[in-house]
Amino acid sequence: MDCLFCKIIAGEIPSDKVYEDEQVLAFRDIAPKAPVHVLFIPKTHLAGARDVTADNAAVVAHIFTVIPQVAAQLGVTDYRIITNNGASAGQSVDHLHFHLLGGRTLGEMG
Ligand code: AMP
C-alpha cells in the first residue's frame, strides 16, 4: 500500500519519534503549526475517522490515553487535538492521525 504513514511505521521514511508502542506511533509533524505539534497514528492502517468502527475503535481509545502522557512529557498542559477527515476538511494523508497542538495560545477554530 502506498501510504506515507505506513512507510514511517515501517521505518522506510525517517521520523522524529516521541512515543511508540505496539499499537501507536507518535512523531513530530514535519511542518509544525505550533511549538508542540505531534501526530499520533495507529499502526494498523485506517484511512481516516470515517473508517473507525466498533470493531477497531479500541486503538482510538488507546491513542487518547497516550496523548495526555505525551503532552505531559513535552510540557504542555493546554492543547488541541485535531483530526481532519476528507480532503476539503484539510486531510492530506489518508492514514488516520490525530494532531496534538500546544505550546502557544491557540486561536479560534476555523
Ligand atoms: P493532515 O493535513 O491533517 O492530513 O495532516 C498531515 C500532516 O502530516 C501535515 O501536518 C504534514 O505536515 C504532516 N506530514 C507530512 N509528511 C510528513 C512527514 N514525512 N513527517 C512528519 N509529518 C509529515
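Extension gain Gln23-Ser92, at 0.36 nm per residue separation less the Cα-Cα distance, in nm?
On the way: separation 69, 0.36 × 69 = 24.84 nm, distance 2.21 nm.
Result for the pair: 22.6 nm of gain on full extension.
Determine the gain in length on full extension of the stretch Ala72-Asn85; use 0.36 nm per residue of separation and subtract their C-alpha separation, reporting nm with one decimal. Before the final figure, lay out each step's value.
Values: separation 13, 0.36 × 13 = 4.68 nm, distance 2.63 nm.
Result: 2.0 nm gained on full extension.
By how many degrees, between 0 and 90 and to the nearest 10, does the Cα long axis of helix 58-73 differ from the longest principal axis of the chain?
Compared with the principal axis, the helix lies near 30 degrees.
Using helices alone, I'd like the mean residue ellipticity at 222 nm for the chain: each DSSP H run of four-plus residues gives -39500 (n - 2.57), total over residue count, nearest 500.
Working: 2 runs with 23 residues, N = 110.
Calculated at 222 nm, the ellipticity per residue is -6500 deg cm²/dmol.
Put a dot 7 Å past each Cα toward the Cβ at Thr53 and Ile13; how far apart are the dots in nm?
2.7 nm
Just to be sure I follow the definition: excluding the sites themselves, where is the longest run in the chain that has none of the trypsin sites (Lys or Arg not before Pro) in a DSSP loop with at most 13 other Cβ atoms within 10 Å?
On the way: sites that count: Lys33, Arg104.
That gives 34-103 as the longest site-free run.
How high is the relative contact order of the range 33-105, in percent, counting Cα pairs under 8 Å that sit 6 or more residues apart?
Values: 91 pairs, mean separation 40.5, N = 73.
For the range 33-105, the relative contact order is 56 percent.
How big is the Kirkwood radius of the range 1-70, worked out from every pair of different alpha carbons and given in Å to one decimal? Walk me through the intermediate numbers first.
Values: mean 1/r = 0.0781 Å⁻¹.
Hydrodynamic radius (Kirkwood, Cα pairs) of the range 1-70 is 12.8 Å.
Please name which of Val59, Gln69, Ala34 has its Cα lying farthest along the dipole of the range 4-102 towards the positive end, using unit charges on Cβ (Lys, Arg +1; Asp, Glu -1) and the Cα centre as origin.
It is Ala34.
Quick one: dipole size for the chain, taken about the Cα centre, charges +1 on Lys/Arg Cβ and -1 on Asp/Glu Cβ, in debye to the nearest 20.
Working: 8 positive and 12 negative charges, 58 e Å.
Charge dipole of the chain: 280 debye, to the nearest 20.
Which of rounded, prolate, oblate describes the range 29-95, given a ≥ b ≥ c as roots of the alpha-carbon gyration tensor eigenvalues and a/c under 1.5 marking rounded, otherwise prolate only if a/b is larger than b/c?
Numbers: a/c = 2.29, a/b = 1.27, b/c = 1.81.
It is oblate, given that a/c is not under 1.5 and a/b is not larger than b/c.
Every number here is computed from the coordinates shown, using simple stated rules; none is lab data. Just so it is clear, the model here is predicted, and its values are computed rather than measured. All Cβ positions, even for glycine, are placed from backbone atoms using ideal geometry, and neighbour counts span all protein chains on display.
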